[in-house]
Amino acid sequence: MQLTETIRRWKEIQRTLYSYRHAIALLGTDGDTVAPRGGAAERGLTLGTLTNASYNIQTGAEMLALMDELSAHAAELDRQTARELEVVRENYERVNRIPEKEYTDYTILTNEAGDVWHDAKHDNDFARFAPYLEKIVAYKKSFAAYYDDSRPVYDVLLDEYETGLTAAVADSYFDTVKAAVVPLVQAIKDKGAQPDTEFMHAECPVEKQRELSAWLMKVMTVDPRHCVLGETEHPFTSEMNKDDVRITTHYYPRDFISSAFSVIHESGHALYELNGGDEFRGTVLACGTSMGIHESQSRFYENIIGRSREFTAFLLPELQRIFPPFAALSAEQLYRAVNRAEPSLIRIEADELTYSLHIIVRYEIEKALFAGDITVAELPAVWRELYKKYLGVDVPDDTRGVLQDSHWGNGQFGYFPSYSLGSAYGAQMLNSMKKDVDVFACAAKGELAPIVKWLSDHIYCYSKLLKPAEVIMNCCGEPFEPKYYVDYLSNKFSDIYNL
Ligand code: ZN
């Protein structure tokens, strides 16, 4: 086949897969948001049909022939096609090297494990979940070896969520965070005085909160013709394509701050997808490049901008307009309240400062588990020990301890570090952005367009063309450097708590 013909067919097959991805995402999002519960079984069958059809194309003879043909002409490929080939090849190898029977058994196992985890968490019964976890860990070990037995298992797992990430890089990152954040959290504890957050639990009607969400999305320049907000138990972002992104939030009548910052967070994810490069439409590159870079965006808007002194001062009059009971609140009170930092048990409720300590616990456990240094049976005890060591809290039960997250039951080992890395990437991006944009002057006026434009030009427009490390290099002019993050946290929280 002529190379031009190979490339034409290559783009066509990607467009077909992209259409499957669109339909699968739409059905999934529909099921999570507005679809009636009674429709789950049929929807599941349809999803199964579509997933199978897509899988057969991805692993079929034609795909393999196209990849080999393109690889044979590697030197002649343009940058985009070469990167598409790299991404498709990696996805292919990750799945295709696993014997089919093992992969099917694993899929059945993780499906079951999800339900068992749910019940075990509810009943505080780790022993029920442990046998599933043991099997999942064994599968992940052999899958990693099928894919690449020249690297440590945990490196292969990390790399799946954050391309290029190794335990060596993560170790040095988390050591830097630990050294700065653990004493900072202790100093805040010793100080003993916490800002008043009582007002945040005043009753705010959901209707009013919806009004606030719409206002926030407008401030963030999220285009309502291409992004809509739904309501779910846990907030998430689901992208169909760059023309259609769905985000969700959860309204608590007595915790309006929770939804407000969820909307900012998910809008950050949405902006990344909405501003992707047009040239990547219909290809495997038409999405954010990694979990970590995606989290860098959501957390940048949520914490660095949203929880800044400037933005909270801008937010206050709107809050007072929507919720008259806040008339007496000062901007400084609001700023301190939304930045209250305090060790806690639950990761998803953690504040900006202590969040990474929750991730360090999971990271150290995963690393030890895959190195064979600890067993699944020891997880609850190790969890308690590490929460005491890093957060200084006593874990009362496994429901609020080792069973709190769904990730491990889904086989998602190596995923957690990307949450924390995202925050650190964001701080480094801020440092670089400040050279071009008066970031906090924009935040003070609620004019976020220059910030979104900078991020679009330096990050979003590349979609998945660049790998995470290349994104950092491209927008910061230097490799990933954790010191920006710890400096940012130290400055911000030393100021808030007068340390
Ligand atoms: Zn997120």
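The values are calculated or read from the model by the stated rules, or taken from the named source; none is laboratory data. The structure displayed is predicted, hence computed values, not measured ones. With ideal geometry, Cβ positions are generated from the backbone for all residues, glycine too; neighbour counts draw on all protein chains shown.
Here is a yes/no grid of residues against (1) outside any helix (DSSP H, G or I); (2) of a type outside the set (Lys, Arg); (3) more than 23 Å from His250 (Cα to Cα):
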position: Ser344; (1), (2), (3): yes, yes, no
position: Ile348; (1), (2), (3): no, yes, no
position: Leu357; (1), (2), (3): no, yes, yes
position: Ile365; (1), (2), (3): no, yes, yes
position: Ala368; (1), (2), (3): no, yes, yes
position: Asp373; (1), (2), (3): yes, yes, yes
position: Pro380; (1), (2), (3): no, yes, yes
position: Tyr387; (1), (2), (3): no, yes, yes
position: Asp394; (1), (2), (3): yes, yes, yes
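Could you check, for the range 315-338, whether at least one of its residues is within 30 Å of Glu481 (Cα to Cα), crowded, with 23+ Cβ neighbours inside 10 Å and aromatic (Phe, Trp, Tyr)?
The answer is no, given that none of the residues of the range 315-338 is within 30 Å of Glu481 (Cα to Cα), crowded, with 23+ Cβ neighbours inside 10 Å and aromatic (Phe, Trp, Tyr).
Here are some conditions: (1) loosely packed, with under 13 Cβ neighbours inside 10 Å; (2) over 21 Å from the mean Cα position of the chain (by Cα). His201 meets all but one. Which one does it not meet?
That leaves (1) as the condition not met.
Is there any pair with a first residue in the range 435-447 that is at positive phi and a second that is surrounded by 16 or more Cβ atoms within 10 Å (Cβ to Cβ) whose Cβ atoms are under 7 Å apart and which are 6 or more apart or on different chains, and what are they?
Final answer for the pair search is Gly446/Val219; Gly446/Phe314.
Inspect all residues belonging to the range 31-40 and state whether any of them is over 17 Å from Ala286 (Cβ atoms) and among the polar types (S, T, N, Q).
Filtering the range 31-40 for residues over 17 Å from Ala286 (Cβ atoms) gives 31-40.
Adding the requirement that they be among the polar types (S, T, N, Q) leaves 33.
Looking for residues that are over 17 Å from Ala286 (Cβ atoms) and among the polar types (S, T, N, Q), one finds at least one in the range 31-40, hence yes.
Within the range 104-120, which residues are surrounded by fewer than 16 Cβ atoms within 10 Å (Cβ to Cβ) and under 15 Å from Tyr146 (Cβ atoms)?
Thr104, Asp105
Identify, please: which residue in the range 253-310 is away from the ligand (no atom under 16 Å from the Cβ) and of a type in the set (A, V, I, L, M) and is, among those, modelled with the lowest pLDDT?
Looking at the filtered set, the residue picked out is Ile257.
Could you figure out which of (1) outside any helix (DSSP H, G or I); (2) without any contact (Cβ under 8 Å) to a residue 60 or more places away in the chain; (3) loosely packed, with under 13 Cβ neighbours inside 10 Å isn't true of Asn52?
The failed condition is (1).
(1) more than 24 Å from the chain's Cα centre (by Cα); (2) closer than 25 Å to His122 by Cα: which one isn't true of Gly411, the others all being true?
Every listed condition holds for Gly411 apart from (1).
Can you tell me which residues in the range 228-242 are in contact (Cβ under 8 Å) with a residue 24 or more places away in the chain and more than 16 Å from the ligand (Cβ to nearest atom)?
Glu231, Met240, Asn241, Lys242
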